[in-house]
Amino acid sequence: QVPSKQSVAIVLKSGDKVSIKPDHPVKSPSDLAPGECLLKMICTGVCHTDLHAALGDWPVKPMSPLIGGHEGVGEIVAIGEHTNDSPVKVGQRVGVKWIADSCRDCEFCRKGLEQNCEKVKISGYTVDGTFSQYLVSYVHSVTVIPDELESYAAASILCAGVTVYRALKYSNTGAGDWVVLPGAGGGLGHLAVQYAKYMGRRVIAIDTGDDKHKLVKDLGADVWLDFKESKDIVADIKKATGGKGAHAAIVTTASSSGYTQAVDYLREGGSLMAVGLPGTAKLEASIFFTVFKSITIQGSYVGNRQDAVEAIDIAASGAVKCFYKKSTLSNIAQVYEDLSAGKIAGRIVLDVTK
Ligand code: 8ID
Ligand code: ZN
């Protein structure tokens, strides 16, 4: 019952417009290697990373042609012959994340840094991604989606959710601490607001426009700052935090402007968690005050399998909800345009069957 052809969204070479290819081959179940599984995809979120990949604007280049997408949900329809110890079975609903597969045996995997695996496979970057109707994935790396969590609500937890959940987890903050979220109205940011509130943090959300303002306030942000209207972000944050500054900043802007001044508005001992990924910008911070204020600057890159399970469990409990609008795979070019223009509050999740 697995067809031989499928529709995929493809970028033929970096910078080209994304287009739909209706006759892309589907790997036959009998050709699956041990450890591989074939998923019939249901839906996929669109992350700003997919736009970076389509444009090829990062120093590490994606495959070409490129089938992007890395936060999708599908049903397992086949598992490669001679697969040993599969933790999943045919018929289960699972999620595909940025880390499509890791070796689980190299130094970095052993340290829990599967993201940095020496043999890492990256969805929609070095292997085909979720902008497809059938996808080869890996039994040891897919994330099981609990029954309570519907597929559209789960999709963006697999990248946006996992990423901000892990960044918060390692931000060295506690309950009641102030966390600043530049990019709070975007895909990652609006989930960061919710994970932060769930963890008992107080949130200063920074973004722009009425839609994003309303969204983050509805999600529980304590303070809103519009970066296009504020005359002095540092002063505004100091004021909101009793003069002392924030305990952490989790920067999820796709442009470097969201990083500016973070060291200035953090209090002593604070953490700057770098998450947003402009391709070429340098991080500008005062060396003197980074030292003098005992500031930690830390890169935070998606998450490992355990982070994914934790982030999904919290979403399944109902504590964190992706705010998404539905669209279709065939509409993906428009979604990229809107993402690029900063028009999307929350996420767009695509029905891959249309
Ligand atoms: O593992 C990682 N570190 C990881 C994982 C997933 C995504 C990193 N990312 C990266 C993406 O590649 C992208 O560079 O995080 C960035 C944000 O991804 P996203 O949340 O999917 O993008 P979005 O929905 O467009 O949200 C970005 C928000 O930033 C706001 C925009 O208005 C938008 O709402 N923003 C910008 I651009 N400049 C800002 C500023 N100076 C700003 N908000 C506050 N201050
Ligand atoms: Zn992503």
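The values are calculated or read from the model by the stated rules, or taken from the named source; none is laboratory data. Keep in mind the model is a prediction, meaning the values are calculated, not measured. Positions of Cβ are generated from backbone atoms using ideal geometry, with glycine treated the same way; all protein chains shown enter the neighbour counts.
Inside the stretch 13-31, can you point out the residues that are surrounded by 15 or more Cβ atoms within 10 Å (Cβ to Cβ), farther than 24 Å from Val90 by Cβ and of a type outside the set (Lys, Arg)?
Ser14, Asp16, Val18, Ile20 - these are the residues of the stretch 13-31 that are surrounded by 15 or more Cβ atoms within 10 Å (Cβ to Cβ), farther than 24 Å from Val90 by Cβ and of a type outside the set (Lys, Arg).
Which residues, counting only those in the stretch 306-354, are hydroxyl-bearing (Ser, Thr, Tyr), in contact with a Leu (Cβ under 9 Å, 6 or more places away or on another chain) and within 16 Å of ligand 1 (Cβ to nearest atom)?
If the condition is that a residue be hydroxyl-bearing (Ser, Thr, Tyr), in contact with a Leu (Cβ under 9 Å, 6 or more places away or on another chain) and within 16 Å of ligand 1 (Cβ to nearest atom), then Ser327, Tyr336, Ser340 are the ones that fit.
For the stretch 235-257, give me the residue count where each residue is within 15 Å of Trp178 (Cβ to Cβ), part of a helix (DSSP H, G or I) and under 27 Å from the mean Cα position of the chain (by Cα).
Residues in the stretch 235-257 being within 15 Å of Trp178 (Cβ to Cβ), part of a helix (DSSP H, G or I) and under 27 Å from the mean Cα position of the chain (by Cα): 1 in total.
Within the stretch 42-84, how many residues are closer than 21 Å to Asp351 by Cα and within 16 Å of ligand 2 (Cβ to nearest atom)?
Residues flagged as closer than 21 Å to Asp351 by Cα and within 16 Å of ligand 2 (Cβ to nearest atom) within the stretch 42-84 amount to 19.
Of everything in the stretch 240-265 that's among the aliphatic types (A, V, I, L, M) and in contact (Cβ under 8 Å) with a residue 40 or more places away in the chain, which residue is nearest to Gly342 (Cα to Cα)?
The selected residue is Ala254.
How many residues does the stretch 32-80 contain that are crowded, with 22+ Cβ neighbours inside 10 Å and at positive phi?
1
Taking the stretch 114-154, which residues are in a loop (DSSP other than H, G, I, E, B) and within 25 Å of Asn331 (Cβ to Cβ)?
Once the filter is applied, which keeps residues that are in a loop (DSSP other than H, G, I, E, B) and within 25 Å of Asn331 (Cβ to Cβ), the stretch 114-154 yields Gly124, Tyr125, Asp128, Gly129, Thr130, Phe131, Gln133, Ile145, Leu149, Glu150.
Report yes if some residue within the stretch 283-298 is under 16 Å from Thr49 (Cβ atoms) and either of a type outside the set (S, T, N, Q) or more than 16 Å from ligand 2 (Cβ to nearest atom) (or both); otherwise report no.
Among the residues of the stretch 283-298, not one is under 16 Å from Thr49 (Cβ atoms) and either of a type outside the set (S, T, N, Q) or more than 16 Å from ligand 2 (Cβ to nearest atom) (or both), which makes the answer no.
Can you find a residue that is loosely packed, with under 15 Cβ neighbours inside 10 Å and modelled with pLDDT under 95 anywhere in the stretch 312-326?
no
Test of understanding: among Ala100, Ala155, which residue is closer than 24 Å to Ser14 by Cα and in contact with a strand residue (DSSP E or B) (Cβ under 8 Å, 6 or more places away or on another chain)?
Ala100
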